[in-house]
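Beneath this line is the structure, given in structure tokens, with notes to follow.
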Amino acid sequence: MIETLLERGGDLVARADVCVIGSGAGGAVAAAELAASGRDVVVLEQGEHWTSRDFTQREDEMLPRLFEEAGMRQTLDGGITILQGRCVGGSTVHNLCYAFRTPPPILRMWREQHALPELTEAALAESFARVEANLRVKPIREDEVNTLNRLLRSGSEKLGYSGFVTQHNRENCVRAGYCLLGCSYDAKQSMLVTYVPRASEAGARVFAGARAERIEAPPAGPRRVLGHVVDPTGRVHGSITVEARTIVLAAGAIASPDLLLRSGLGGPEVGRHLHLHPSVMVAGYWPEPIHAYRGIPQSYYIDEFIDLERDPHSGYVLMPISGFPVLAAVNTPGFGREHFRQMRDFSKLGGLLVLLHDRSEGSVRSGDSLGKPEIRYALDPEDRALLAEGMRHCAEVLFAAGAERVVAPFLLEPLVLSRGADLGEIARREVREGTLPIASTHPQSTCRMGGDPASSVVNAFGELHGVRGVFVADMSVFPTSLGAPPQITTAALADRTAHHIIARGSELAG
Amino acid sequence: MPNQPSSLRSLLLPTSTRRGFLKLAGATAAFSALAQLRVLPAAAACSGEQASGDRFFDAAETEILTQLMQRMVETGLPDAPQVRDTRAVATVDAVCRGLDPAVSGLLPLALLLVEWSPPLFDLRFARFTTLGADGQDASLRSWMTSRLPFRRTAFLGLRNLCFLGWYSQPETWSLIGYQGPLVPRAAAGRAPA
């Protein structure tokens, strides 16, 4: 059962074995696994329930429907835009389907530096396999690589850079290219069409428009989740009280720490260590139209500039990126005629994104308004230098791939480079928040996992240190920046958390 | 933000230079005007004269947004549609209506600041909507390049909102060679806001 509370009206008072907060890559997996084991599960999702029939492929309609703050969520100083899902299925509804397991050197670092000896590849193998099967993860076929990815692959190979065609979670993809705005064809195997229906079929009650605002977790007895029925503008239409023995918090790395802080749970580390995987798009313009927005948006992955074996803390990857008119316009510097001089070549545009495995750390704190936490983040000098270096390599690959001009999107004075230009000019500019459109789609690590309660929020199974029966199962539990697309890691850790809860039997359920 | 303190100081602290005095006097006058303007919508609401409740921006704000958007998306092409000829502003209004007030609440104030920014920040004694195209562009450039971080942030927010309204209009797509969505309009399950 998936029900929009606003349509039903009134308050929600429910009792369950488990209350899951959030329905994205973590929450949906936890809910489905727990419901399949016979647990009585209630899922509270703040966003709305949209289906493929609602996905119109139009930015003005889909950005407000699918994204937190209509895609305009920002860090407190406005320097970084954070794109996070806000709907049943969470960010998996708009993500671009890269499907990577946790890089082994990252797991090793988590084991050795964060006192998590349990997190071995062998221990996670079952969860990875289960998640990949349910999401139908498979290699992208050569004939599915679109024009932009093919061009960038050739450019990268000409330069001798390491890269590969990745795996994805799509089934019977029609290659329309609108993954970012929700798949109109149900080909993307997001949580919306996989784990959420599976949870529902197993008896979970999934409520949309249900904002959790506080968790009560007394030392003994059932826990309670309190909140409100809200519409998309945040207006309150009723109250929510869910009583459950176990709570799984999976609202994402911004909302989860906010909720714990409002509840006085989790200790002093809650909300700290925010990593963002900050990214900047460098635009290339080809002589002829390439219509880069058609086809699978991301299939090639350049990993030349990240060596996690050597340095698990930093590096960056380059990923092709296309977009639709609004997203392209936002990423094009300037305004008026100067801006339009680039936009008129939209059909010839293809982008390459530098995505940083960031050392820099920020924080999340509860703001004055519910749903509007304060997100602070500043790139440290080393990360700024890496971002600049990555942008230079983006320009290099774009030219090698046949682009005739490249635009580095410095906001005050756009840097338009033609073939043969000195690419070092990029590094001589000021690369930092506020000088470039920097975006994040991977906020993480704000309720980090670790063996030491003094430096972490949850243990190796996602349970709050010192608070039995309250778990976190989203990207906020990553002990450090992941350095890779996070969907599969998030889902696998949530699967592991769910099976841990199941294994603890009546202590945590019933 | 290393330049914020000095910028704020230069705007707010007494100064002995003539230019500084004029700047301060201009800012004071503009802030006073702004304060009065803020009273007007409240007064209108009390007298039942406020615009109908199904729009986010009132008439004055809509006019500022329309002119602002026209400068943001100016193409220079003689046959390009004008913002007024499209639903671009109505689209932005609809998006803002659907936002949490905690997010959208500052937008009317930002538009008001744009309207009064020529006297407030540029020592030009004219409102934004009374300026010609070149004057409006100069005013917007002063926002874009301002030393005050809040002005640059507000500029980017408004710029992005204008692009959202404009480039989601089908009549703009042929200008940039975008082929448009593949899903037929009628197939959309729910009507847009």
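Values in this text are rule-based calculations from the coordinates and carry no lab data. This structure is a prediction, so every number in the text was calculated from the model and none was measured. Ideal geometry is used to build each Cβ from the backbone, glycine not excepted, and the neighbour counts take in all protein chains shown.
Residue by residue, here is whether (1) of a type outside the set (D, E); (2) more than 14 Å from chain B (Cβ to nearest Cβ); (3) within 26 Å of the chain's Cα centre (by Cα) holds:
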{"site": "A:A395", "(1), (2), (3)": "yes, yes, yes"}
{"site": "A:G402", "(1), (2), (3)": "yes, yes, no"}
{"site": "A:R405", "(1), (2), (3)": "yes, yes, no"}
{"site": "A:L412", "(1), (2), (3)": "yes, no, no"}
{"site": "A:E430", "(1), (2), (3)": "no, no, no"}
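Per the conditions (1) surrounded by 23 or more Cβ atoms within 10 Å (Cβ to Cβ); (2) over 22 Å from the mean Cα position of the chain (by Cα); (3) within 9 Å of another protein chain (Cβ to nearest Cβ), the sole criterion not satisfied by A:A328 is (2).
Return only the number of the condition from (1) touching a helix residue (DSSP H, G or I) at 6+ places or on another chain (Cβ under 7 Å); (2) farther than 30 Å from A:D380 by Cβ; (3) hydroxyl-bearing (S, T, Y) that A:T102 does not satisfy. Status for A:T102: all satisfied but (2).
The number of residues in the range B:157-184 being in contact (Cβ under 8 Å) with a residue 40 or more places away in the chain, at the interface with chain A (Cβ under 8 Å from one of its Cβ atoms) and surrounded by fewer than 16 Cβ atoms within 10 Å (Cβ to Cβ) comes to 0.
Counting only residues that are among the polar types (S, T, N, Q) and within 14 Å of another protein chain (Cβ to nearest Cβ), how many does the range A:313-325 have? Total satisfying the criteria: 1. Applying the set (1) surrounded by fewer than 19 Cβ atoms within 10 Å (Cβ to Cβ); (2) farther than 29 Å from A:A484 by Cβ to A:V229 leaves exactly one unmet item: (1). Only residues that are under 24 Å from the mean Cα position of the chain (by Cα) and free of Cβ contacts under 8 Å to residues at least 60 places away in the same chain were counted across the range A:212-258, and they come to 2.
Each residue in the range B:137-149 was checked for being of a type outside the set (K, R) and either more than 8 Å from chain A (Cβ to nearest Cβ) or touching a strand residue (DSSP E or B) at 6+ places or on another chain (Cβ under 9 Å) (or both), and 6 pass.
When A:R294, A:R310 are checked against the criterion of being among the basic types (K, R) and away from every other protein chain (no Cβ under 14 Å), A:R310 stands alone in meeting it.
Note on the range A:39-69: residues that are farther than 19 Å from A:S184 by Cα and facing chain B (nearest Cβ under 7 Å) amount to 1.
Applying the condition of being among the small types (G, A, S), farther than 15 Å from A:E216 by Cα and surrounded by 17 or more Cβ atoms within 10 Å (Cβ to Cβ) to the range A:232-267 and asking which residue is farthest from the other protein chains (Cβ to nearest Cβ) yields A:A250.
Filtering the range B:69-79 to residues that are in contact with a helix residue (DSSP H, G or I) (Cβ under 6 Å, 6 or more places away or on another chain) and either assigned to a helix (DSSP H, G or I) or more than 8 Å from every other protein chain (Cβ to nearest Cβ) (or both) leaves B:M69, B:Q70, B:R71, B:M72.
Checking each residue in the range A:190-213 for being more than 15 Å from A:D40 (Cα to Cα) and among the small types (G, A, S) picks out A:S190, A:A208, A:G209, A:A210, A:A212.
The selection criterion, being under 14 Å from the mean Cα position of the chain (by Cα) and over 28 Å from A:V230 (Cα atoms), holds for B:L156.
From the list B:D134, B:D93, B:D85, the lone residue that is within 14 Å of chain A (Cβ to nearest Cβ), under 27 Å from B:T172 (Cβ atoms) and surrounded by fewer than 18 Cβ atoms within 10 Å (Cβ to Cβ) is B:D134. Residues satisfying the criterion are present in the range A:21-36 (criterion: away from chain B (no Cβ under 14 Å), surrounded by fewer than 24 Cβ atoms within 10 Å (Cβ to Cβ) and under 30 Å from A:A503 (Cβ atoms)).
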